[in-house]
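Asker: Below are the structure tokens for one structure; questions will follow.
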Amino acid sequence: MTRCALFTSDESFEPWLREFNHQFPQLNVAHWQHITHPEEVRYAMVWKPTKALFDRFPNLTTVFNLGAGVDAILSNPAVPSHINIYRIEDGGMSAQMNQYFSYFLLHFFRDMDLYQQQQPLQQWKVQPFRPASSFRVGILGMGQLGANLANHLQSYGFDVAGWSRSKKQLPGVTSYAGARELEAFLSRTDALCCLLPLTPDTLGILNRKNMSLLPKGAVVLNAGRGEHLVADDLLALLDENHLRGAVLDVFKREPLPADHGLWLHPKVMITPHSSAQSEYVPCVERIGHTLQAIENNQAPSGLVDRSRGY
Ligand code: NDP
Ligand code: OXD
């Protein structure tokens, strides 16, 4: 019988365990400290694993990260280099991301920020009509989440483009790829949505140079990782009125420190890393099927390429 260890560094342990044992009782998933024959364990489902896990299970071959982003687990020195890491693909997060970005993009497209400013002044002023096709949305990162968002946003009629490492062929979406096409992509983007993984190549990509390439009045929305953004550059561009607003879900330090200038800036909207959460049912379904495929010597998707960093 396959035995799998479950390790979480937070209070989400019980619901994961319940769901694994409900959907895949044959996998025999157990709390990592309650397993009596650790040498039999090949697989672990993990969130922020510590060295103690790898010390206890010397024959682990594979870990399943209980989240989409793998920057934390890849930079975790406790994780031995021979271990295969699978990540959550979608896991219910695409639908949540679509809701999150739609909400804030419509906020700016329909001038809700301007109406919010008008209200305390009791100003009855209709902002000029503009067609949805004139609103140019640009998505940084066209993977599981970004590509799904690009498809979804077309239902509003926005002009949608995406930027990735490799060229994409998505109906109705203009594809830009690689460092050489970044400038052209940014120059045509009124609303920049970041859904990149954090890697050495994408660290600090939302910096003054790049955000200055956006047209005046553009907005920046970041749900990738906090380290993508150079916060001081964003604040300066907002204060200089080059940027109209920003929506930030992720931060270099989380929780965002109470004295950080982003908290009270009138043009910044903050959410506490809540744009999309791993959903137990689809994540477990996904991990269970991936594990079965591995056992059947297939090559399921979701294997992290350590050399790429995602
Ligand atoms: P994927 O791995 O499926 O997609 C990553 C995308 O980024 C791919 O399109 C890839 O290009 C592109 N990319 C990577 N490196 C570069 C680069 N150097 N230049 C250009 N494009 C690049 O990831 P997901 O869509 O599943 O998730 C994306 C990120 O979203 C996660 O890594 C995580 O940081 C964040 N996230 C945040 C959440 C939140 O609650 N805020 C929740 C879930 C995820 P290519 O297609 O060519 O490989
Ligand atoms: C993730 C996240 O990467 O929650 O899954 O940020």
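Asker: Which residues, taken from segment 78-101, are within 10 Å of ligand 2 (Cβ to nearest atom) and assigned to a loop (DSSP other than H, G, I, E, B)?
Answerer: 87, 88, 91
Asker: Looking at this structure, is residue 75 within 16 Å of ligand 2 (Cβ to nearest atom) and free of Cβ contacts under 8 Å to residues at least 12 places away in the same chain?
Answerer: Working: within 16 Å of ligand 2 (Cβ to nearest atom): yes; free of Cβ contacts under 8 Å to residues at least 12 places away in the same chain: yes.
Yes; evaluated as a whole, the condition is true for this residue.
Asker: Output the residues belonging to segment 4-30 that are of a type in the set (Ser, Thr, Tyr) and either open to solvent by 30 Å² or more (accessible area, probe 1.4 Å) or not in a loop (DSSP other than H, G, I, E, B) (or both).
Answerer: In the first step, residues of segment 4-30 are kept if they are of a type in the set (Ser, Thr, Tyr); the result is 8-9, 12.
Result: 8, 9.
One line per residue, one yes/no per condition, for (1) closer than 28 Å to residue 308 by Cβ; (2) within 16 Å of ligand 2 (Cβ to nearest atom):
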| position | (1), (2) |
| --- | --- |
| 116 | no, no |
| 138 | yes, no |
| 144 | yes, yes |
| 160 | yes, no |
| 168 | yes, no |
| 175 | yes, no |
| 210 | yes, no |
| 215 | no, no |
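Asker: Same structure again: Looking at this structure, is residue 232 away from ligand 2 (no atom under 16 Å from the Cβ) and touching a residue at least 40 places away in the same chain (Cβ under 8 Å)? Spell out the reasoning first.
Answerer: Details: away from ligand 2 (no atom under 16 Å from the Cβ): yes; touching a residue at least 40 places away in the same chain (Cβ under 8 Å): no.
No: the conditions fail for residue 232.
Asker: Still on this structure, please answer the following. Let me confirm something: among 71, 10, 90, which residue is at pLDDT below 95, of a type in the set (Asp, Glu) and out of contact with any strand residue (DSSP E or B) (no Cβ under 6 Å at 6 or more places or on another chain)? Can you show your working first?
Answerer: Values: 71 fails: at pLDDT below 95; 90 fails: at pLDDT below 95.
The unique qualifying residue is 10.
Asker: Same structure, new question: Would you mention how many residues in segment 231-270 are within 19 Å of the chain's Cα centre (by Cα), more than 24 Å from residue 112 (Cβ to Cβ) and acidic (Asp, Glu)?
Answerer: The total comes to 1.
Asker: How many residues does segment 32-60 contain that are open to solvent by 60 Å² or more (accessible area, probe 1.4 Å), assigned to a loop (DSSP other than H, G, I, E, B) and more than 16 Å from ligand 1 (Cβ to nearest atom)? Full working, then the answer.
Answerer: Restricting attention to segment 32-60, the residues satisfying the condition of being open to solvent by 60 Å² or more (accessible area, probe 1.4 Å) are 33-34, 36-37, 39-40, 42, 47-48, 50-51, 55-56, 58-59.
Filter again for assigned to a loop (DSSP other than H, G, I, E, B), leaving 36-37, 42, 48, 50, 58-59.
When the remaining residues are screened for being more than 16 Å from ligand 1 (Cβ to nearest atom), the result is 36-37, 42, 50, 58-59.
So the answer is 6.
Asker: Still on this structure, I have one more. Quick one: what pairs do we get from segment 157-181, first residue of a type in the set (Lys, Arg), second within 12 Å of ligand 1 (Cβ to nearest atom), C-beta under 6 Å, 6+ apart or different chains?
Answerer: So the pair list comes out as 167/175; 167/177; 168/142; 168/175.
Asker: Now for a different question. Looking at 206, 234, 264, which one is assigned by TED's automatic domain parsing to the domain that holds residue 192, over 25 Å from residue 45 (Cα atoms), modelled with pLDDT of 95 or more and within 16 Å of ligand 1 (Cβ to nearest atom)?
Answerer: Values: 234 fails: within 16 Å of ligand 1 (Cβ to nearest atom); 264 fails: within 16 Å of ligand 1 (Cβ to nearest atom).
Being assigned by TED's automatic domain parsing to the domain that holds residue 192, over 25 Å from residue 45 (Cα atoms), modelled with pLDDT of 95 or more and within 16 Å of ligand 1 (Cβ to nearest atom) holds for just one of 206, 234, 264, which is 206.
Asker: Return a yes/no flag: does segment 156-166 have any residue that is touching a helix residue (DSSP H, G or I) at 6+ places or on another chain (Cβ under 6 Å), of a type in the set (Lys, Arg) and farther than 16 Å from residue 103 by Cα.
Answerer: no
Asker: Checking residue 105 against (1) touching a Cys at 6+ places or on another chain (Cβ under 8 Å); (2) within 16 Å of ligand 2 (Cβ to nearest atom): exactly one of these is not met. Which one?
Answerer: (2)
The values are calculated or read from the model by the stated rules, or taken from the named source; none is laboratory data. All values reported here derive from a predicted model rather than from experimental measurement. Counting neighbours? That spans all protein chains shown, and the Cβs are built from the backbone with ideal geometry, glycine included. Please note that ligands, DNA and RNA were not included when accessible areas were found on the heavy atoms of the full protein model with its side chains. Shrake-Rupley method; radii C 1.70, N 1.55, O 1.52, S 1.80 Å.
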